[in-house]
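Have a look at the structure below before the remarks.
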Amino acid sequence: MQEVTMGENAEMGLPSRLPALLGIRHPIVQAGMSWASSSPALALAVARAGGLGTIAAGPMRPEDLVAAIRAVRAGTDAPFAVNVPLYNKRAAAFLDIAAAERVPVLIGSQGGPRGHVERFHALGAKWLHVVAAPEHAVKAEAAGVDALVVVGAEAGGHPPPNEVSTLVLVRAVVRAVTIPVIAAGGIADGAGICAAFALGAEGAQLGTRFLMTKEASVHEAYKQAVLAAGVGDTTLVGRGALPIRQIRNAFSAEVEAAERAGMAREDWLALIASRSLKDAALSGDVAQGKVEAGQSCGLVQDILPAAEVMARLVAETVAARRRLVA
Ligand SMILES: Cc1cc2nc3c(=O)[nH]c(=O)nc-3n(C[C@H](O)[C@H](O)[C@H](O)COP(=O)(O)O)c2cc1C
């Protein structure tokens, strides 16, 4: 890994190697979110505001990914990231596109980084890797990744199946590795960012907060459902398989009723697979679709332009730090 200095981030006043490592102004990452950031708008707005904006390749057609990368690049000189879920059947195509388009930062999730890191380092890119367990963090560091995104149980989308909280998991990973750690799951404001730094993280990745922006490309009904939800209104669907955290709705109630009734595992898995994030995000079916969001939905009370979210996060972090120091 390239040597970088542990500079105090000028505006946030918190120590982080990430601005120098990634060429960003603030160590704030807009999480890759399927559908919500599977277009250029959100990533571009965050990149322009000094954070790391991320295009989520997961549900995209390859030609749309190429267009989105080019649109972000046309709109800013700032670096940005592409998130590639490595289990995805189009992952190889996404990686080829990211290489050909010289994407500056890759965020790999749901799979091992080995092999990919060398390829992208040779192109001058950085590889951040999403992990949800200390042992995976150690393996990813050994594979040469530049930094880790550590996702705890509060997170929207896929939290760790063993449900270890961000508070505990980030601390365990910081103890286990020497590369920079970016905390994720349950962080929605400057106090949360400050807390992550107190644990030893050098950056924060926010999903649900950036989902609630004008630029996030999900149906308006989805945003309103997340806006209305309190901190206790999410649930894990699919415990024991690959769980997702979503807003409680008719679909999650149906899955829970099936579990109580002792439904056979095969039928239960088929029931879970019968609905999708796409149903909610694209079609606006917030009763039957998977309305993925984190527990921090209860901390988010407005839908704002992403630039304003970034400005608020920086100001709130400074205020939270001052409060502690005072
Ligand atoms: C709607 C939604 C879609 C997501 N899609 C992806 C994805 O495609 N790839 C991925 O690695 N993580 C995905 N995630 C997880 C986020 O990248 C991030 O880790 C998580 O949102 C952080 O927790 P928070 O929502 O509490 O901020 C998704 C999360 C949400 C809410």
Residue set L277, L299, L324, L313; condition more than 24 Å from H219 (Cβ to Cβ) and within 16 Å of the ligand (Cβ to nearest atom); output residue L313
Checked pairs for region 289-312, first among the β-branched types (V, I, T), second in a loop (DSSP other than H, G, I, E, B) and surrounded by fewer than 18 Cβ atoms within 10 Å (Cβ to Cβ), C-beta under 7 Å and 6 or more apart or across chains, list as I303/K214
TODO: For A326, state whether it is open to solvent by 30 Å² or more (accessible area, probe 1.4 Å), closer than 30 Å to P27 by Cα and free of Cβ contacts under 8 Å to residues at least 60 places away in the same chain.
DONE: yes
Just one listed residue, out of A320, A307, A315, is assigned by TED's automatic domain parsing to the domain that holds L167, under 18 Å from R209 (Cα atoms) and loosely packed, with under 14 Cβ neighbours inside 10 Å, and it is A315
Sole miss for A45 among (1) over 30 Å from R322 (Cα atoms); (2) in contact with an Asp or Glu (Cβ under 6 Å, 6 or more places away or on another chain); (3) surrounded by 22 or more Cβ atoms within 10 Å (Cβ to Cβ) is condition (1)
Condition set among the small types (G, A, S) and more than 11 Å from the chain's Cα centre (by Cα), scope region 154-185, selection farthest from the ligand (Cβ to nearest atom): answer is A176
When restricted to G203, G190, the only residue in the same structural domain as L148 (by TED's automatic domain parsing) and in contact with a His (Cβ under 9 Å, 6 or more places away or on another chain) is G203
Note: among N88, N83, just one is within 16 Å of the ligand (Cβ to nearest atom) and either in a strand (DSSP E or B) or buried (at least 24 other Cβ atoms within 10 Å of the Cβ) (or both), namely N83
Requiring at least 2 residues that are at pLDDT 95 or above and under 26 Å from A68 (Cα atoms), the helices (runs of 4 or more DSSP H) wholly within region 188-251 are 208-211, 220-228
Taking region 247-281 and keeping only residues that are buried (at least 17 other Cβ atoms within 10 Å of the Cβ) and farther than 14 Å from Q224 by Cα, one is left with F251, S252, V255, W268, L271, I272, R275, S276, L277, D279
- Query: Quick one: would you say A20 is more than 15 Å from the ligand (Cβ to nearest atom), open to solvent by less than 20 Å² (accessible area, probe 1.4 Å), closer than 20 Å to G203 by Cα and not in a loop (DSSP other than H, G, I, E, B)?
  - Reply: no
* Hey, does region 125-135 have a residue that's of a type in the set (K, R) and not in a strand (DSSP E or B)? -> no
Those residues of region 59-69 that are open to solvent by 10 Å² or more (accessible area, probe 1.4 Å) and touching a strand residue (DSSP E or B) at 6+ places or on another chain (Cβ under 6 Å) come to a total of 0
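The values are calculated or read from the model by the stated rules, or taken from the named source; none is laboratory data. Everything numeric here is computed off the predicted structure, so don't read it as measured data. Cβ: placed from backbone, ideal geometry, glycine included. Neighbour counts: every protein chain shown. Note: accessible area is taken over every heavy atom of the protein model, side chains too, but ligands, DNA and RNA are not part of it. Shrake-Rupley method; radii C 1.70, N 1.55, O 1.52, S 1.80 Å.
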